[in-house]
Amino acid sequence: MIRVSELSKSFHDKKRGEVPALAGVSFEVNPGEIFGILGPNGAGKTTMMRLLATVLSPTAGTASIAGHDIGTDPAGVRSSIGFLSGDMGLYGRLTPREILRFFGQLGGLEKSTLERRIGEVTELLDLKSYSGTRIDKLSTGMRQRVAIARTIVHDPPVLILDEPSFGLDVPSARLIERFILEARDQGKCIVFSTHVMEEAEYLCDRIAVVHQGKLRIIGTMDELRAATGKTRLREIFLDLLGIEDIRLETRA
């Protein structure tokens, strides 16, 4: 469903010149798979996801999503994905229902199909009782649910989710986790980034670790354990970054 080949991106800085944000990354993601991307701040995770979503253009390399090339067929890519960025980008004066109707129309859904999808996604994300409330009156968790509902209202086969549970309390984060698992069970291809190691370990079929714009490793949890000799994902992650895991010991 997703094929990435030697994808690279550099940005121009007046003082430093060309600064590589992503360097020669290659991987594939299958339908019905949750593919997690981990990395420290500035590792290149968000750049990678924006390239896949055609928000940015690559410096070199390419990728295809559902058979559409990000360089030659960006419109085809956009019609095949749901992209949740770090910025929710919601209109405060609109209600969730109005936002879903607007983005569903942009996605080309006919009226009857759109109304059915609005009902489905508000039910799925427990938004029905808030669907008539203005966005600027909703909590952070509710806004994030609306952002995800907007991402999936056109029922795309591929989901690209940049830190979908960021800033959420435990109940809201659990709801998002359940949604991701259900989407996987429906055969959707899901790529998501997170800083929450427990979330990645619980959800992901495979995990990629990115550091300094380069792909350090890809594998299942068992494969990552075998490669590093570590057990927990936190330990594996720090080992791959060359950082010592410091444990605080309690005194009896």
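Taken together, the values in this text are just the output of simple stated rules run on the coordinates, not laboratory data. Quick caveat, the model's predicted, so the values are computed rather than measured. With ideal geometry, Cβ positions are generated from the backbone for all residues, glycine too; neighbour counts draw on all protein chains shown.
For segment 95-145, compute Rh as the Kirkwood radius over C-alpha pairs and then the Stokes-Einstein diffusion coefficient at 4 °C and 1.567 mPa s; write the answer in µm²/s, rounded to an integer.
117 µm²/s
Taking the Cβ of each residue in PHE179, PHE192, PHE166 as the centre, tally the other Cβ atoms inside 10 Å and list the residues starting with the fewest.
By the 10 Å Cβ count, ascending, the order reads PHE166, PHE179, PHE192.
Please compute the contact order of segment 2-217 in relative form: average sequence separation of alpha-carbon pairs under 8 Å and at least six residues apart, divided by the residue count, as a percent.
Numbers: 405 pairs, mean separation 66.6, N = 216.
Result for segment 2-217 is 31 percent.
Give the peptides 50-56, 145-151, 180-186, 3-9 in descending order of average Cβ contacts within 10 Å, highest first.
145-151, 50-56, 3-9, 180-186
Among TYR130, TYR91, rank each residue by its count of other Cβ atoms within 10 Å, from fewest to most, as a rough exposure measure.
Going from sparsest to densest Cβ surroundings: TYR91, TYR130.
Express in nm, to one decimal, how much length is gained between THR59 and ILE243 on full extension, taking 0.36 nm for each residue of separation and deducting their alpha carbon distance.
Length gained, THR59 through ILE243: 63.2 nm.
In the Gaussian network model of the chain, springs joining C-alpha atoms below 10 Å, which of VAL29, VAL121, VAL196 carries the largest mean-square fluctuation?
Result for the chain, Cα springs under 10 Å: VAL196 fluctuates most.
For a quick check, take a GNM of the chain with Cα springs below 10 Å and name the residue from ARG117, ARG134, ARG143 with the largest mean-square fluctuation.
Judging by the Gaussian network model, the answer is ARG134.
Assuming R0 = 22 Å, what is the FRET efficiency of ASN41 and ASP205, from their Cβ-Cβ distance, to the nearest 0.05?
Values: r = 25 Å, r/R0 = 1.13.
Efficiency, from the Cβ-Cβ distance: 0.30.
Using R₀ = 41 Å, calculate the FRET efficiency as 1/(1 + (r/R₀)^6) where r is the Cβ-Cβ separation of TYR91 and ALA226; round to 0.05. Please list the in-between numbers first.
Numbers: r = 48 Å, r/R0 = 1.17.
That pair, TYR91 with ALA226, gives E of 0.30.
How do LYS188, LYS15 line up, fewest other C-beta atoms within 10 Å first? Each step should come with its number before you reach the end.
Numbers: LYS188 21, LYS15 5.
Lowest count first: LYS15, LYS188.
Note the full-extension length gain between ASP185 and ASP13 as 0.36 nm times their separation in residues minus their Cα-Cα distance, in nm to one decimal.
Working: separation 172, 0.36 × 172 = 61.92 nm, distance 4.33 nm.
Fully extending the segment from ASP185 to ASP13 adds 57.6 nm.
Between Rg and the Kirkwood Rh of segment 74-160, both from Cα atoms, what is the Rg to Rh ratio?
On the Cα set of segment 74-160, Rg over Rh gives 0.94.
Would you kindly derive the ³J(HN,Hα) couplings of segment 48-54 from the backbone phi angles with the Karplus curve 6.51 cos²θ - 1.76 cosθ + 1.60 (θ = phi - 60°), listing them in order in whole Hz, with x for Gly and Pro?
4, 5, 5, 5, 5, 8, 6
Can you classify segment 1-99 as rounded, prolate or oblate using the Cα gyration tensor, where a ≥ b ≥ c are the square roots of its eigenvalues, rounded means a/c under 1.5, and otherwise it's prolate if a/b beats b/c and oblate if not?
Oblate, because a/c is 1.5 or more while a/b does not exceed b/c.
Taking N as the number of residues in segment 1-53, what is its alpha-carbon radius of gyration divided by 2.2 N^0.38 Å? Spell out each step's value before the answer.
Values: Rg = 12.8 Å, N = 53, 2.2 N^0.38 = 9.9 Å.
Expressed relative to 2.2 N^0.38 Å, the Cα Rg reads 1.28.
Of ILE218, ILE81, ILE34, which has the largest mean-square fluctuation in a 10 Å C-alpha GNM of the chain?
Answer for the Gaussian network model of the chain: ILE218.
For segment 2-217, what is one quarter of the convex hull surface built on the Cα atoms, given in nm²?
Result: 12.2 nm².
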